[in-house]
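The structure appears below as structure tokens.
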Amino acid sequence: MLFKDLAIYNRLWKIFDYMGFSLYNYKATEAGELRLEGREGFERIITSLRGSIYVDELRLGERDIAYIPSGREASIKFDRGSVIYIAEAKAANRHPFYIKRFSDSHAYDIGEGSYRRRVYVTIGEEDPADSIIAGYVEGEKGGWTSYPPHRHDEKPEAYIFYNLGGGFGIQIIMDEERETSYIVRDYDVVLIPRGYHPNVCTSLAGCSYLWIISAPPGKRDLSVTIHPAFREIPMGRTHLKIRKE
């Protein structure tokens, strides 16, 4: 599902809500403060793709992530030009509040040639959370990412694209029933409920995006199934756990 970026400024708007997995955006043309009420049964993450922000008086640089536990309120202070995303997913447990710095992400150089990219796992399996796993991808100019094609149908995922250099990307989603492709540009969002989901971007810039997974209870991990036609393609060291099928 493609959600094109909209010219909505200075208010929080919901991009999607899929089975309890939600994504919100706030684009600021002036400095201000946003207050989030606590919501029982849901955890949140907050990040900025442009500009530094303050979450509960703690500074977050671009791509740092704040984890907000179930039921906890949060305040976000921001400057003019900030582009903020808030993701929400179901949570049965209440974990501590914490901040993960982008600089502390686990980084993986994956693939080779036309599908080489760097993947950052910022909130990983080892971090306290019930549902959310999140990080970033930086692809090579003109290259493929999320490749070889893989799927994790029980765990919906969102891609938020940015820094495409004035160019665009093509996001593919395919399974046994249908094949769909979308043209994506900066701040467009693709929700992947199921299916294989490779993408490719123009030579102006590689594919860069924030990825967020919402996993059901007992399945909060990075296990995936590779498309049968691509299982022999080398990946090298990877953050993914490849299922043997």
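The values are calculated or read from the model by the stated rules, or taken from the named source; none is laboratory data. From a predicted model like this one, the values you see are computed outputs, not experimental measurements. A quick note on method: Cβ atoms are made from the backbone with ideal geometry, for glycine too, and the neighbour counts reach across all protein chains shown.
Exactly one condition in (1) buried (at least 21 other Cβ atoms within 10 Å of the Cβ); (2) closer than 26 Å to Leu6 by Cα; (3) not small (Gly, Ala, Ser) is not met by Thr122; state its number.
Only one criterion in (1) buried (at least 21 other Cβ atoms within 10 Å of the Cβ); (2) closer than 26 Å to Leu6 by Cα; (3) not small (Gly, Ala, Ser) is unmet by Thr122, namely (2).
Can you tell me which residue in region 125-134 is nearest to Leu210 (Cα to Cα), limited to those that are surrounded by 17 or more Cβ atoms within 10 Å (Cβ to Cβ) and touching a Leu at 6+ places or on another chain (Cβ under 8 Å)?
Ala134
Can you name every residue in region 1-19 that is more than 21 Å from Glu73 (Cβ to Cβ) and part of a strand (DSSP E or B)?
Selection gives Leu2, Phe3, Ile15, Phe16, Tyr18.
When you go through (1) surrounded by fewer than 22 Cβ atoms within 10 Å (Cβ to Cβ); (2) in contact (Cβ under 8 Å) with a residue 40 or more places away in the chain one by one for Tyr159, which number turns out not to apply?
Checking Tyr159 against (1) surrounded by fewer than 22 Cβ atoms within 10 Å (Cβ to Cβ); (2) in contact (Cβ under 8 Å) with a residue 40 or more places away in the chain, the one that fails is (1).
Looking at region 71-118 only, could you name the residues that are touching a residue at least 40 places away in the same chain (Cβ under 8 Å) and among the small types (Gly, Ala, Ser)?
Ser75, Gly81, Ser82, Ala87, Ala89, Ala91, Ala92, Gly111
Restricting attention to region 197-215, report how many residues are of a type in the set (Phe, Trp, Tyr) and surrounded by fewer than 24 Cβ atoms within 10 Å (Cβ to Cβ).
Going residue by residue through region 197-215, those that are of a type in the set (Phe, Trp, Tyr) are 209, 211.
Okay, now just the ones that are also surrounded by fewer than 24 Cβ atoms within 10 Å (Cβ to Cβ), so 211.
Within region 197-215, residues that are of a type in the set (Phe, Trp, Tyr) and surrounded by fewer than 24 Cβ atoms within 10 Å (Cβ to Cβ) number 1.
Could you figure out which of (1) over 19 Å from Tyr209 (Cα atoms); (2) aliphatic (A, V, I, L, M); (3) touching a helix residue (DSSP H, G or I) at 6+ places or on another chain (Cβ under 9 Å) isn't true of Ala31?
(3)
Working only within region 94-104, note down all residues that are assigned to a loop (DSSP other than H, G, I, E, B), among the basic types (Lys, Arg) and closer than 19 Å to Ser131 by Cα.
Arg94
Could you tell me whether Val200 is of a type outside the set (Lys, Arg), under 23 Å from Glu43 (Cβ atoms) and either not assigned by TED's automatic domain parsing to the domain that holds Ala89 or not in a strand (DSSP E or B) (or both)?
Details: of a type outside the set (Lys, Arg): yes; under 23 Å from Glu43 (Cβ atoms): no; either not assigned by TED's automatic domain parsing to the domain that holds Ala89 or not in a strand (DSSP E or B) (or both): yes.
It is false that Val200 is of a type outside the set (Lys, Arg), under 23 Å from Glu43 (Cβ atoms) and either not assigned by TED's automatic domain parsing to the domain that holds Ala89 or not in a strand (DSSP E or B) (or both).
Is one or more of the residues making up region 212-225 of a type in the set (D, E, K, R) and either within 18 Å of Asp175 (Cβ to Cβ) or not assigned by TED's automatic domain parsing to the domain that holds Ile170 (or both)?
Pass one, region 212-225, residues of a type in the set (D, E, K, R): 219-221.
Next, from what is left, pick out any that are either within 18 Å of Asp175 (Cβ to Cβ) or not assigned by TED's automatic domain parsing to the domain that holds Ile170 (or both): none.
Scanning region 212-225, I find no residue that is of a type in the set (D, E, K, R) and either within 18 Å of Asp175 (Cβ to Cβ) or not assigned by TED's automatic domain parsing to the domain that holds Ile170 (or both), so the answer is no.
Every residue, every condition in (1) surrounded by fewer than 21 Cβ atoms within 10 Å (Cβ to Cβ); (2) among the basic types (Lys, Arg), yes or no:
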{"site": "Ser75", "(1), (2)": "yes, no"}
{"site": "Val83", "(1), (2)": "no, no"}
{"site": "Glu88", "(1), (2)": "no, no"}
{"site": "Ala91", "(1), (2)": "no, no"}
{"site": "His95", "(1), (2)": "yes, no"}
{"site": "Lys100", "(1), (2)": "no, yes"}
{"site": "Asp104", "(1), (2)": "yes, no"}
{"site": "Ala107", "(1), (2)": "yes, no"}
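Go through Tyr54, Tyr67 for me and flag whichever is surrounded by 18 or more Cβ atoms within 10 Å (Cβ to Cβ), at pLDDT 95 or above and of a type outside the set (Asp, Glu).
Matching residue, one of Tyr54, Tyr67: Tyr67.
It is to be established whether one or more residues within region 138-155 are under 25 Å from Ile86 (Cβ atoms), surrounded by fewer than 22 Cβ atoms within 10 Å (Cβ to Cβ) and out of contact with any Ser or Thr (no Cβ under 9 Å at 6 or more places or on another chain).
yes
What residue, of Gly166, Gly195, Gly236, is out of contact with any strand residue (DSSP E or B) (no Cβ under 8 Å at 6 or more places or on another chain) and touching a residue at least 24 places away in the same chain (Cβ under 8 Å)?
Working: Gly195 fails: out of contact with any strand residue (DSSP E or B) (no Cβ under 8 Å at 6 or more places or on another chain); Gly236 fails: out of contact with any strand residue (DSSP E or B) (no Cβ under 8 Å at 6 or more places or on another chain).
Criteria check complete, one pass: Gly166.
Please work out if Ile123 is within 18 Å of Val224 (Cα to Cα) and in contact with an Asp or Glu (Cβ under 7 Å, 6 or more places away or on another chain). Outline the logic, then answer.
On the way: within 18 Å of Val224 (Cα to Cα): yes; in contact with an Asp or Glu (Cβ under 7 Å, 6 or more places away or on another chain): no.
Criteria not met by Ile123.
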